[in-house]
Structures are given as C-alpha cells and as structure tokens.
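Right, one structure below, let's go through it.
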Amino acid sequence: MSDRTERLVAQRRTLPDGPGVYLFRDDKGKVIYVGKAKSIKKRVAGHFANPVTRGSVEMTSVVDRIEFLLVASESEALLTEQGFIKQYKPRFNIKLRDDKSYPFIAISTDEEFPRVYFTRERHRRDRLYFGPYSNAKRTRATLELLGKVFQYRSCAGVEPGRRSGSPCLDYYIKRCGAPCVDYGVDRAQYREAIDGVVAFLSGRYKEIERDLQRRMQEAAAAQEFEEAALQRNKLSAVQQILQRQRVSNEAVGTMDAVAVAVEGVDANAQVFQIRDGVLSDRQSFYLENLQEGGVGEVATEFLLQFYSGSLAIPAQIIVQADVEDRDVVGAALSRRRGARVEVRAAERGDKRRILDLAERNAALALDQEKLKNERSRQQRVVALDALQDALGLDTLPLRIECFDISNLMGTHTVASMVVFEGGAPKKSDYRRFTLRGLKEGVPDDFAAMEEVLARRLKQWTVQQDLSPHDPNRNESFAALPNVVVVDGGPGQLSAGLKVLKDFRERGVAIISLAKRIEEVFLPDRKEPVVLAHDTPELQLLQRVRDEAHRFAISHHRQRRDKAMTSSIIDGLPGIGPSRKRVLLKHFGSPEAVMGATRDQLEAVPGLPGKTARQLYEFMNRTGT
C-alpha cells in the first residue's frame, strides 16, 4: 500500500457521520471535486468503494487529500457546496459549459433613469440581472419587444440624452419617453415603465395586461385617442406574443419544468419557464459531466447553479422523479428566494405533459450535439489527411503551430503562437511574445520572425531537461509540432529556416502562407503550392493563420492602449488605477497633480492623508 493510499484511508476513518461538504484536493493542493452529503463518512466511502464510471476512477486516482466542513442541515450543505464550486471551479463537478458566455438582461437601477441592456457579465451588485439565457438572438428579440412596449431609453450614458439637448429618433418613433428633455416623461413615469419591464421579465403577464388595459380605457375616457391607440397597440403586441406561446390553460399558473438528459460525460438541461400558463422562455444548457453522474445528481447540481442568485425563482419547479433530494433542494432554493419553493415530480396532467416535452427536448439536443461533434471530427480528419498529401508530409499534421507578427510602424512589436491539435484550436497552448531585440520605430518583420522562432526553439530545448512533474515545465513549449506555419511569404520562411534547423532535423515541416492569393511556400522549392480555395486543407491553414493574426493583434492593441493611457503619475508610490482616477478627477491633469501642494493633496476626497504626505515628499524629493 502506497503512502498516498495509507494517508487517504487514515483521513477517511476520521470523517464525521453527519451532514456537510467535503473537498478532494490533488497533490498540488488544487480542489478537484466538491461534494455534499447527509453523511460525509458514508458518501466519501462510496467514491472509493465503487468507482463504477470512468470519471469516478480517474477522480479517485488523483485525490491526495480530503477536507470537510460540517453544517447544520442538508439544505445548508447544498448552498455551501455551491459556494465552494463557485470559488474553486473544480474540474470533476458538473458545470455549465461555456458559462461565462451566457447572456443576461440587466437593469441599471443605480441610475436615476435606469437602462435596460444586453450583457454577458454579472458583477455589479447594484443592478438587476435576469437570466442566464441560452440564446442571444432570442434575448435581443425580447429587448426589442420590451423597448416597444415600455419605451425605456437606449442611450448608453449614466445620464440620458445627447449633447445637443434634443431627443433622438427613438422619441419620434415612440420607442422612448425622452426623459432627457423637459417635455418628456418625468422620473416617476419612467420608473413606472421600468417596473413594467421587471414585471414582464419576472413573468407577471396578467399584471401587465391589466395595466395596459386600464391605461387604454383611461385615455379613451379622457378623449386622448392618440394615447389610447398607442396603449391598444402595446396591449395587442403583448397579447399576440403570449397567445403564440400559451402551452396550457391558465390554471397551470407559474412554474419551471426542468429536465435533464445524460450520456457519458455529456449532459443537457432544458428549462421550460411557464408564467401564467404561457411558455415565456425555453432554455437549453449543455453541461460538463466528467464524473459521469446520473440524471438525479446532474439535475440537482444544475438546479442550484441555474438559480444561483436569480431573481426569478418560481414558487414551483417540476423535475424528473430521478431527483431524490427534492425537499432538500426546495429548502435550499427557498432560502435564496426568501419564500417557499416547491420542488416536486409531476405524475399526470398538463404539468406532466410539459415535463415530458422538456425531457424529449433534452434528449434531442444531446443527440444533435453528438451528431454535430461527429461531423466536425470527420471534417477535421479529412482536412488533416488532405493537408498531409498536399504538402507531402511523412506524418499526419496532428499539431500545427502558427506564428504571426503585429506592430504599428515598428512600435510595440509583438508576436503570437497559436496551436491546433487534431484540426481544432488548443487555446491552453497559445502563447504571446513581446519582442525585445528590435529597434523601436523601425519595422522589420523578418528580424521579428527570426527572434520569436529562435525563442520558441530555445524554450523547447530547455523543456527537454525538465521532468514532466517539474512545476516549471511548460507543456506548450515542451511539445514538438508536426508543422510550423509562418504568416508571410518567402522572406518570413527564410527567417524561420535559419533558426529552426533542430526542428527540421526532427521531422518538423516549416512552411509559410502568403495572404495575397493564399500561396503556400515550402523549403527547397522555388514555386509555391497553390491550393484551391474550396479545399479543406487550405481552409484549415486559413483558420490557423487567421487565429494567429487575431491573437497577435489583440495583444498589440493591449500594449498600445496601455502606452497611450499611461501618464507621469503612473510610477508614483501608493498610486494604483483607482487612486489615479481620483487624482485626475480632482486636479484635472497629471501636470496639476505634480504641481500640487501638500495641503491640496491632503484635501483630495478618497486619498488617505498618509498617502498624500508620502506622495508629496516623493515628488519633491525626486525633483519632479
């Protein structure tokens, strides 16, 4: 028995037989799994006693240490588990695939005239967020409808309006109430419209219909027929949307139906959001299920992640019978909602029909994703085979590295290295280079390419002397590519051949791709290879080259923007980005900051007195 196994056995013996959360860490101390249990001791024992799935076997083989946290109840354990998952992002836990990219609808309630806008970020505590939504196009369509009905402002600033002082086109086409001018809506009227947006996104459709109906009748009674017609059109637009999406009678009320389909390490969750008997939205989420958990486990984890911090948790959530801890999940969600949430299975009637529909959609989405991945894999294999034949390579080009240079008239010169493995991007192996051996302001792409390729070869040589377990080992630089693609023509290729002799001796093909007519230049061959534009091999090379260009130019822009926004106060002690903004806002310019007296610096709001005195002493001591 190894030392690691003996240590884990000893740790498992000391685990408590009560509710709580446990964490598995690997030999580097990184959390790889977070779990919750009614009995920590029994649940952890289950992981090691019967790891039936490939994911479980892989996970238990890398566990080096077990930690635990006792809590008072199972519902508290669920919430604590989710907190740890958010904090550590363990790779063996179920999680939304690409969860950073899901869209939200945000309302800037911290502003006097709030904006309603599309966003993919959710970090402002003083703003309302609705989502996540799985389809950006439908989210924008929802915003389009909300703009027509509630007429909120579309201008981006904190304060509404334009510098000219006149309202924009939205006011004249009845898309904004123009809070920016005296004859527009006042603050109370605008806030009433925003309340309507919140009601709509929260699914209170009956309330909206009643409100629009009342406004229309009041306007008609006052013989304000133009206003009455406007309210009638709004009411009609809302009713048409709701009628098209009505999936059952109104007795179903407001609820969510959540169904999950699982196949190996892949899973899909469908959320049918029913509000007042209307299908307000259908969300589809692909999940990573590396531990290959069952439907019940995946559904439980998804429910807690999806409703994490959500404003729109309904009073009732219908789930599959496989979800065993429905009462515990309901108690955890009730604490988040601040009111009772019932999580239950549906056995018959409209609710069962809706859940069955969600289950079929989840299974279908999983099948479609599998077909899409298989088709994509086959296309990549065809492209790699064709590229091998076109370039006369000895082996299949499984790893392709592409290098590109980016600069502006010889300034802020940078380079990028992108990697494609198996015909697909491997972004974890992408690298950026800041070039040092060039004369600033003198563009020299050949010398730049020679420098970056020489550094790539040097890094590979260094990595060969490091053990795979060495913390300084860089797997991207340690790998030997099959093909190196240089962005450019014969000149760039010559620069690469000059420094990559060791790579060529080991069978690495060095080529360049010129963009003008997409010519491929090969060593020891005068005439370029011209591939047809509709061939998969050229399209693969173009994707690699374009990705290298995108990666290089984004790095160049970052360096250029940083240089353009730097000032003489950046290097001052105790002054970071926040205090820099405070000083510039107070004094108006860097020069005014440098010329300020001690009393003036101490009077700056938000700048500690000690920092102000140290800053004054530093500026005067150095003679700046």
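Kirkwood hydrodynamic radius, region 76-137, all distinct C-alpha pairs: what's the number in Å?
After inverting the mean inverse Cα-Cα distance, the result is 13.5 Å.
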Checklist outcome for this item: note: region 109-167, Cα-Cα separations exceeding 13 Å make up a percent value of 68
Checklist outcome for this item: With +1 on the Cβ of every Lys and Arg and -1 on the Cβ of every Asp and Glu, the dipole magnitude of the chain about its Cα centre, in debye rounded to the nearest 20, is 1000
Item to check | Relative contact order (%) - criterion: Cα under 8 Å, at least six apart; region: region 399-558 | outcome: 26
Next on the checklist: Restricting to Cα pairs below 8 Å that are 6+ residues apart, what does the relative contact order work out to for region 490-563? Please round to a whole percent.
Outcome noted: 17
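Let me have the 222 nm mean residue ellipticity of the chain computed from DSSP H runs of 4+ only, each contributing -39500 (n - 2.57), with the sum over all residues rounded to the nearest 500.
-14500 deg cm²/dmol
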Checklist entry - What aspartates and glutamates sit close enough to LYS41 to cross-link, taking a C-alpha to C-alpha distance under 18 Å and skipping anything fewer than 8 places away on the same chain? => result GLU6, ASP17, ASP64, GLU67, GLU74, GLU76, GLU81
Checklist entry - Which of (1) 32.5; (2) 29.9; (3) 28.2 is the computed Kirkwood radius over Cα pairs in Å for the structure on display? => result (2)
Next on the checklist: Can you give me the % of accessible surface on region 1-87 that is carbon or sulfur? Probe 1.4 Å, all protein chains present, nothing else counted.
Outcome noted: 52
Checklist outcome for this item: Net charge (Lys, Arg +1; Asp, Glu -1) of residues whose beta-carbon lies under 13 Å from that of VAL62, VAL62 excluded, is +2
Checklist outcome for this item: Carbon and sulfur atoms account, in whole percent of the 1.4 Å probe accessible area of region 351-437, for 51
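Ignoring ligands, DNA and RNA, what percent of the accessible area of region 113-261 is carbon or sulfur (1.4 Å)?
Carbon and sulfur: 48 percent of the exposed surface of region 113-261.
What accessible area per residue, rounded to a whole number of Å², is obtained for the chain using a probe radius of 1.4 Å? Each step should come with its number before you reach the end.
Values: 32280 Å² over 624 residues.
Accessible surface, normalised per residue, equals 52 Å².
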Checklist entry - Just how much of PHE225 is accessible, in Å², when a 1.4 Å probe is used and the result is rounded to the nearest 10? => result 130
Checklist entry - Residues with amide H under 5 Å of TYR33's amide H, sequence separation 5 or more or different chain, H placed in the peptide plane at 1.01 Å from N; which? => result PHE24
Checklist entry - What is the chain's relative contact order, in percent, from Cα pairs under 8 angstrom and six or more apart in sequence? => result 8
Item to check | Solvent-accessible surface ranking, highest first, for GLU144, GLU450 at 1.4 angstrom | outcome: GLU144, GLU450
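The values are calculated or read from the model by the stated rules, or taken from the named source; none is laboratory data. If you're wondering where the values come from, they're calculated on a predicted model, not measured in any experiment. In this analysis, Cβ positions are derived from the backbone assuming ideal geometry, glycine residues included, and neighbour counts consider all displayed protein chains. In case anyone asks, the SASA skips ligands and DNA or RNA and just uses the protein heavy atoms, side chains included. Shrake-Rupley method; radii C 1.70, N 1.55, O 1.52, S 1.80 Å.
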